[in-house]
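Enquirer: This is the structure I want to talk about, given as structure tokens.
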Amino acid sequence: MTIAFIGHGYVGLVTAAVFADLGNTVWVVGRTKEKIEKLKKGDPLIYEPGLTELVQRNIGAGRLHFTLDYKEAVAPSNVVFIAVGTPSKPNGEADLTSVFAAAEEIGKALVGYKVVVTKSTVPPGTGKKVSEIVNTFKPEGSSFAIASCPEFLREGTGLSDTMHPDRVVIGTNSDRARDILVELHKPIDGKNVLCNVETAELIKYASNSMLATKISFANAISFLAEKVGADVERVLEGVGLDKRIGRSFLYPGVGYGGSCFPKDVKALIAIAGEYGYDFSLLKAVHKVNNEARENFVAKMVRHFGSLKGKRIAVLGLAFKPDTDDMREAPSLDIIASLLDKGASVTVFDPIATEKAKLKLPKAVVYAKDAYEAAKDADAVAVITEWNEFRQLDLVRLAKGMKNLVLFDGRNIYEPAVVRNLGFMYYGIGRM
Ligand SMILES: NC(=O)c1ccc[n+]([C@@H]2O[C@H](COP(=O)([O-])OP(=O)(O)OC[C@H]3O[C@@H](n4cnc5c(N)ncnc54)[C@H](O)[C@@H]3O)[C@@H](O)[C@H]2O)c1
């Protein structure tokens, strides 16, 4: 099949490259000439394990093409996926400006029959609006059907998530579009969920909100565990062994971040509000998430009395390991709070430093590795659980530090082991 993707971010490019690798001819549309030129040369512009090789292989095989021109991409395609960003507006609603702009351009470029699919995360009802826009701009004689195939890939494991998803959601009211999309997804081994457009749109928000709820629940239990003297890791192990509950996403820390959970939770609260439902459960999820960051900094303040003049080494900036994505990363709030309280901050992240520099205050100092970051530090704070931090040589780290204090925002160390090395250890929800 020939297909097109509008947008070449984490979702657009990963999915495009996987579909190309499955033998389809894939066109990717972008907005910026320099970026499209780099993509044509095989630079994916984002960090995602395995993506560079996949993009280069499929460009080489003549299956993956990049263009600024909607007509060049849409005309030969059977299916056009909209995979542009849907960030939060200040009031929490999803900003659909890019989706509607893409719909207009797709409409203008329409030839023959196409299936137009929203892959971006969009509120229920968006498919109808996209349909109206395409309909307004399409040339006479062309036709289309609307569908929603929300994406569930996780950054860091995007390629295998796309090939082996738990499910493939195909929402459309058109039998013809459904058959085309089922055919396209045949080599992908997830179970198909066939439904209407609004159902597909809501499945995505409900899924992300459920995962965010599990994280906030784990964090709320961690707050309580600290008060009652329990170990949250054992508590959640005991809880998660119940097959009805499971352990996944029941991990406490400094809260969820990234480009999806914060915005999707806020958007679902806003969507519910529009329909007259007060989603108080999700409002609490959002509140607990902020508390998780605040409690982490409060531990440092409690330990030192004041953070004025203290040097804190922050390990990990990306919102999670194996990505360079800094959107809504907990590190941003935590570092801002540390600086605000008079601390100086030295940071290290294995991959996200360049993107972090665009978002962090100028006062932050960047180190070339964890050991350099910890040099002369009063404390080390682990915020992202990169694997290389699990394997740190803590004896070497300790040698350069001024005070041996470790704030483990992801519970990646065994408290007893760290304490035996002379550190004061503070984890999340554990003594
Ligand atoms: N990142 C994830 O892990 C993830 C997972 C599942 C779903 N989603 C959803 O998928 C969507 C895309 O997310 P992302 O992380 O890939 O975003 P992103 O910001 O990485 O990429 C968005 C892309 O869209 C392009 N774009 C915007 N407007 C355009 C236009 N009019 N024409 C052409 N290109 C345009 C941008 O240039 C960029 O390449 C969002 O709705 C997001 O919620 C993201």
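Enquirer: Would you pick out the residues in segment 101-112 that are within 9 Å of the ligand (Cβ to nearest atom), surrounded by fewer than 18 Cβ atoms within 10 Å (Cβ to Cβ) and either not in a helix (DSSP H, G or I) or not charged (D, E, K, R) (or both)?
Expert: Ala101
Enquirer: Every residue in segment 265-279 that is more than 16 Å from the ligand (Cβ to nearest atom) and either assigned to a helix (DSSP H, G or I) or of a type in the set (A, V, I, L, M) (or both), please.
Expert: Ala272, Gly273, Glu274
Enquirer: Could you check Ala298 against (1) touching a Leu at 6+ places or on another chain (Cβ under 8 Å); (2) farther than 27 Å from Gly9 by Cα and say which number it fails?
Expert: Answer for Ala298: the failing condition is (1).
Enquirer: Here is a further query. For Ala16, state whether it is buried (at least 16 other Cβ atoms within 10 Å of the Cβ) and more than 17 Å from Ser259 (Cβ to Cβ).
Expert: Details: buried (at least 16 other Cβ atoms within 10 Å of the Cβ): yes; more than 17 Å from Ser259 (Cβ to Cβ): yes.
So Ala16 fits the description; yes.
Enquirer: Could you go through segment 289-296 and let me know if any residue there is outside the structural domain of Phe152 (by TED's automatic domain parsing), of a type in the set (D, E, K, R) and farther than 28 Å from Pro90 by Cβ.
Expert: So far as segment 289-296 goes, no, none of its residues is outside the structural domain of Phe152 (by TED's automatic domain parsing), of a type in the set (D, E, K, R) and farther than 28 Å from Pro90 by Cβ.
Enquirer: Further question on the same structure: Checking Pro49 against (1) closer than 23 Å to Leu153 by Cα; (2) surrounded by fewer than 24 Cβ atoms within 10 Å (Cβ to Cβ); (3) out of contact with any Leu (no Cβ under 8 Å at 6 or more places or on another chain): exactly one of these is not met. Which one?
Expert: (3)
Enquirer: Go through (1) over 30 Å from Lys89 (Cβ atoms); (2) buried (at least 23 other Cβ atoms within 10 Å of the Cβ); (3) out of contact with any helix residue (DSSP H, G or I) (no Cβ under 7 Å at 6 or more places or on another chain); (4) not aliphatic (A, V, I, L, M) for Lys310 and report which single condition fails.
Expert: Among (1) over 30 Å from Lys89 (Cβ atoms); (2) buried (at least 23 other Cβ atoms within 10 Å of the Cβ); (3) out of contact with any helix residue (DSSP H, G or I) (no Cβ under 7 Å at 6 or more places or on another chain); (4) not aliphatic (A, V, I, L, M), the lone unmet condition for Lys310 is (3).
Enquirer: Quick check on segment 72-80. Is at least one of its residues outside any helix (DSSP H, G or I), within 14 Å of the ligand (Cβ to nearest atom), surrounded by fewer than 24 Cβ atoms within 10 Å (Cβ to Cβ) and among the aliphatic types (A, V, I, L, M)?
Expert: Checked against the condition, which is being outside any helix (DSSP H, G or I), within 14 Å of the ligand (Cβ to nearest atom), surrounded by fewer than 24 Cβ atoms within 10 Å (Cβ to Cβ) and among the aliphatic types (A, V, I, L, M), segment 72-80 yields no hits at all.
Enquirer: Continuing with the same structure: Within the bounds of segment 81-97, is there any residue that is more than 11 Å from the ligand (Cβ to nearest atom), in contact (Cβ under 8 Å) with a residue 24 or more places away in the chain and out of contact with any helix residue (DSSP H, G or I) (no Cβ under 9 Å at 6 or more places or on another chain)?
Expert: There is no residue in segment 81-97 that is more than 11 Å from the ligand (Cβ to nearest atom), in contact (Cβ under 8 Å) with a residue 24 or more places away in the chain and out of contact with any helix residue (DSSP H, G or I) (no Cβ under 9 Å at 6 or more places or on another chain).
Enquirer: Hey, among Glu132, Glu151, Glu155, which residue is over 23 Å from the mean Cα position of the chain (by Cα) and acidic (Asp, Glu)?
Expert: Values: Glu151 fails: over 23 Å from the mean Cα position of the chain (by Cα); Glu155 fails: over 23 Å from the mean Cα position of the chain (by Cα).
Residue meeting the stated conditions: Glu132.
Enquirer: Within segment 371-431, which helices (runs of 4 or more DSSP H) (wholly inside it) include 2 or more residues that are surrounded by fewer than 22 Cβ atoms within 10 Å (Cβ to Cβ), touching a Phe, Trp or Tyr at 6+ places or on another chain (Cβ under 7 Å) and in contact (Cβ under 8 Å) with a residue 24 or more places away in the chain? Break it down stepwise before answering.
Expert: On the way: elements: 387-390, 394-400, 415-420.
Output list reads 394-400.
Enquirer: Please go through segment 123-134 and pick out each residue that is closer than 19 Å to Ala4 by Cα and within 16 Å of the ligand (Cβ to nearest atom).
Expert: Selection gives Gly127, Val130, Ile133, Val134.
Enquirer: Another question, if that's okay. Count, please, the residues in segment 135-173 that happen to be away from the ligand (no atom under 15 Å from the Cβ), surrounded by fewer than 17 Cβ atoms within 10 Å (Cβ to Cβ) and assigned to a strand (DSSP E or B).
Expert: 1
Enquirer: Specify the residue that is farthest from Gly305 (Cα to Cα); the eligible residues are those in segment 326-342 that are assigned to a loop (DSSP other than H, G, I, E, B) and free of Cβ contacts under 8 Å to residues at least 40 places away in the same chain.
Expert: Applying the first criterion (assigned to a loop (DSSP other than H, G, I, E, B)) to segment 326-342 yields 326-329, 341-342.
Adding the requirement that they be free of Cβ contacts under 8 Å to residues at least 40 places away in the same chain leaves 326, 342.
On the way: Met326: 30, Gly342: 12 Å.
This residue is Met326.
The values are calculated or read from the model by the stated rules, or taken from the named source; none is laboratory data. Because the structure is predicted, anything quoted here is derived from the model rather than measured. Neighbour counts are summed over all protein chains in view; Cβ atoms, including those assigned to glycine, are modelled from backbone coordinates with ideal geometry.
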